[in-house]
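The values are calculated or read from the model by the stated rules, or taken from the named source; none is laboratory data. Keep in mind that what you see is a predicted model, and the values were worked out from it rather than measured. A quick note on method: Cβ atoms are made from the backbone with ideal geometry, for glycine too, and the neighbour counts reach across all protein chains shown. The protein model used for the area step is the full one, side chains on, heavy atoms only, and it has no ligands, DNA or RNA in it. Shrake-Rupley method; radii C 1.70, N 1.55, O 1.52, S 1.80 Å.
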Amino acid sequence: MTTTDLQTRNLFIGYSAVIVISLMVGIAGNWWFLAAVPAAVLFGYLAVVDFRKIFYVLFFFIPLTVEVWLPNGVVTDMPTEQIAVILTGMYLLYVLRNGKNMRPDFALHPISLMLLIHLGWLFFTAITSEDFIISLKFSLAKTWYVTPFYFLAGSLLKTEKQMRTLTWIVLIPLSFTIIYVLKNFAGYGFSFADVNKVMYPFYRNKVAFACMLSIFLPFVWFMRQGYRRFSWPWLLLAAATALILIGIQFSYTRAAYVTIAMGIGAYFFIKWRLMKVALSFAAIIAILYAAAMVSHNNYLDHKPVYEKTITHEDFNDLLNATTKGQDVSTMERVYRWVAAGHMVAERPWLGWGPGTFTNFYKTYTLAGFRTYVSDNKEGSGIHCYYLMTLVEQGFIGLLLFVGLVFLVLLKGEIVYHQTKDPSRRRMLLAVLTTTVIIDGLLLINDLVETDKIGSFFFLCMAVIVNVDLMNRQDLSGNPQPAQVMQQ
């Protein structure tokens with residue numbers, strides 16, 4: 001028997017003993033939590049031997065994540081947040097042990113540097129925050145989003161084959177949740193009034209469901225093109241595309257419809273090299289609109305009529321009410337945005353501190369914009385990530401975040417036109433389209449710190465950087481194999 005065979009046998013015997021002892025002690029003492037010990041031991045073993053597998057496990061659980069409320073109002077995403085924390089620790093240990101042998105080009109890429117500057121300012125504004133503890137927790141949580149979903153993803157996702165693997169790993173549980181939701185929804189006759197009732201436990205509401213499907217649609221669409229037409233994988237991905245579109249349709253979520261249209265438009269903007277024009281136009285429109293609302297307090301003209309601003313139980317009525325300013329979800333956003341404007345006026349440069357908007361905004365609201373859900377019992381946020389960044393991190397923080405968003409899109413377009421390899425082009429189109437969809441969703445939602453959206457926000461950046469670095473290697477005439485982390 002070889003040394004390897006002996007080690008394998010000993011590991012098998014040891015693990016079997018752990019299973020038997022855990023179950024026997026658990027049954028004898030009625031301690032059912034001990035049944036989880038074998039899984040924890042296996043997880044720990046993989047963390048030491050090959051945490052690439054844990055990275056894939058993390059993405060497998062993203063569609064299946066359940067929000068759990070803990071004492072003192074703390075909410076966590078289980079089990080993804082816990083896995084992300086473990087991977088962050090493992091990656092940092094890996095860097096400390098192997099940092100001298102790691103190539104610095106990924107960390108020194110302009111997108112990486114801009115992301116690090118953004119994070120640096122986040123921590124700085126945590127120090128100056130109105131509530132240091134909340135801001136520190138928020139900043140630490142951001143760290144264990146960025147580390148596995150950007151830096152670790154940048155080390156593990158280099159080729160289209162790896163991207164396909166990731167797509168399948170996410171798609172299988174995602175498809176299960178879509179079928180689960182649609183099956184439950186059928187019991188209500190697909191009634192718009194009941195759509196939020198069928199999302200539990202995998203999604204907080206219909207918006208979270210629709211957003212998750214919208215951002216993953218480009219992955220399925222473009223990865224399908226990497227397979228031979230009408231092969232089994234191609235057919236399965238085509239069927240998955242249809243399933244995702246059905247799920248989006250029955251989510252009755254306006255943001256999903258609009259941002260998918262934005263994603264389709266982005267495809268042509270990238271192809272025709274119009275991203276710079278599109279972003280310039282968007283920036284000018286945003287600045288002019290903000291100036292118009294602030295000038296002479298024109299925003300006061302948009303106060304809702306309290307008695308008419310209600311929740312609608314028919315989707316067509318909702319669309320009609322939205323145009324008239326009589327939809328409660330839209331006008332509740334305006335209520336909070338007005339409060340945000342007053343908060344910005346008081347602390348324009350450093351902001352109030354990361355994660356603090358919900359704690360302070362109510363004293364800055366105007367009664368004329370109030371809706372019947374303004375008590376905000378669920379403690380939800382501002383519903384515009386850009387405005388939230390402005391409130392919590394000041395104008396400098398907003399400029400850094402918007403600069404990061406613009407840099408990713410502009411650099412992504414440049415890299416796409418420099419790329420000759422068809423598989424890399426498919427990867428780029430998938431992540432760039434997803435990025436545009438997420439950027440659009442951030443206009444009316446706070447999603448970067450949610451695992452179902454934020455994970456892909458950072459992963460897409462990592463893929464763009466990797467393709468850029470591989471293109472540079474090809475142009476240098478000395479291509480190197482994709483560097484994958486070894487343990």
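Some notes on this structure:
- Just so you know, the Rg over Rh for region 79-219 is 1.06, from Cα atoms, with Rh as the Kirkwood radius.
- Checking every one of the chymotrypsin sites (Phe, Trp or Tyr not before Pro) in region 369-412 against DSSP loop status and a limit of 15 other Cβ atoms within 10 Å picks out Tyr372.
- Normalised per residue, the accessible area of region 161-295 is 51 Å², obtained with a 1.4 Å probe and no contribution from ligands, DNA or RNA.
- The chain: angle of helix 275-294 to the longest principal axis, Cα-based, in degrees nearest 10: 40 degrees
- Summed over the residues of region 313-455 and divided among them, the accessible surface reaches 37 Å² per residue at a probe radius of 1.4 Å.
- Partner lysines whose Cα lies under 25 Å from the Cα of Lys303, excluding those fewer than 8 positions away in the same chain, are identified as Lys324, Lys362, Lys377.
- Our coupling estimate for region 194-201, obtained by passing each phi through the Karplus curve with A = 6.51, B = -1.76, C = 1.60 and θ = phi - 60°, is 10, 4, 6, 6, 9, 8, 5, x Hz, Gly and Pro reported as x.
- Region 254-393 shape via C-alpha gyration tensor axes, a/c threshold 1.5: oblate
- Backbone phi angles across region 340-355, fed through the Karplus curve with coefficients 6.51, -1.76 and 1.60 (θ = phi - 60°), yield HN-Hα couplings of 4, x, 5, 5, 4, 4, 7, 9, x, 9, 9, x, 8, x, x, x Hz in residue order; Gly and Pro are listed as x.
- Longest segment of the chain lacking GluC sites (Glu not before Pro) that sit in a DSSP loop with at most 13 other Cβ atoms within 10 Å: 1-306
- Close amide-amide hydrogen proximity is noted between Val66 and Met78, Thr80, each under 5 Å apart and 5 or more residues distant or on a separate chain (H modeled in the peptide plane; Pro and chain starts excluded).
- Annotation note: chymotrypsin sites (Phe, Trp or Tyr not before Pro) in region 242-278 located in DSSP loop regions with a Cβ neighbour count of at most 11 within 10 Å are Trp272.
- For region 370-439 versus region 169-248, the spacing of their alpha-carbon centroids is 22 Å.
- Share of carbon and sulfur in the accessible heavy-atom surface of region 227-336 [1.4 Å probe, %]: 67 percent
- Overall form of region 98-153 per C-alpha gyration tensor (a/c, 1.5; a/b vs b/c): prolate
- Exposed loop sites are taken as trypsin sites (Lys or Arg not before Pro) in a DSSP loop (any state but H, G, I, E or B) with at most 13 other beta carbon atoms within 10 Å; the longest stretch of the chain without one runs 1-227.
- Legend: distances between Cα atoms for Lys158/Lys411; Lys137/Lys197; Lys100/Lys142; Lys161/Lys420; Lys53/Lys276; Lys53/Lys420; pairs beyond 28 Å are Lys137/Lys197; Lys53/Lys276; Lys53/Lys420.
- Site pair Val258 and Thr363 shows an inter-label distance of 3.2 nm when each label is modelled 7 Å from Cα along Cα→Cβ.
- Local electrostatic count, Trp352, Cβ distance below 9 Å [Lys/Arg +1, Asp/Glu -1]: -3
- Full extension of the chain between Val68 and Gln82 yields a length gain of 3.8 nm, computed as 0.36 nm times the residue separation minus the alpha carbon distance.
- Rounded to the nearest 500, the helix-only mean residue ellipticity at 222 nm of the chain stands at -22000 deg cm²/dmol, with each DSSP H run of n ≥ 4 adding -39,500 (n - 2.57).
- Contact order normalised by residue count of the chain, Cα under 8 Å, 6+ apart, percent: 21 percent
- Each of Arg273 and Phe176 was given a label point 7 Å from its Cα along the Cα-to-Cβ line. The distance between the two points is 4.7 nm.
- Carbon plus sulfur fraction of accessible area for region 345-435, probe 1.4 Å, in percent: 64 percent
- Within the set [x] 34, 24, 23; [y] 38, 28, 25; [z] 31, 28, 25, the number that semi-axes √(5λ) of the Cα gyration tensor in Å takes when calculated for this structure is listed as [y].
- Equivalent-ellipsoid semi-axes of region 336-487, from the Cα gyration tensor, Å, largest first: 40, 15, 13
- For a modelled paramagnetic label at Tyr306, 7 Å from Cα along Cα-to-Cβ, the residues of region 370-402 in reach, with backbone nitrogen under 20 Å, are 370-378.
- Across region 375-487, the mean sequence separation of Cα contacts (distance under 8 Å, 6 or more residues apart), normalised by length, yields a relative contact order of 29 percent.
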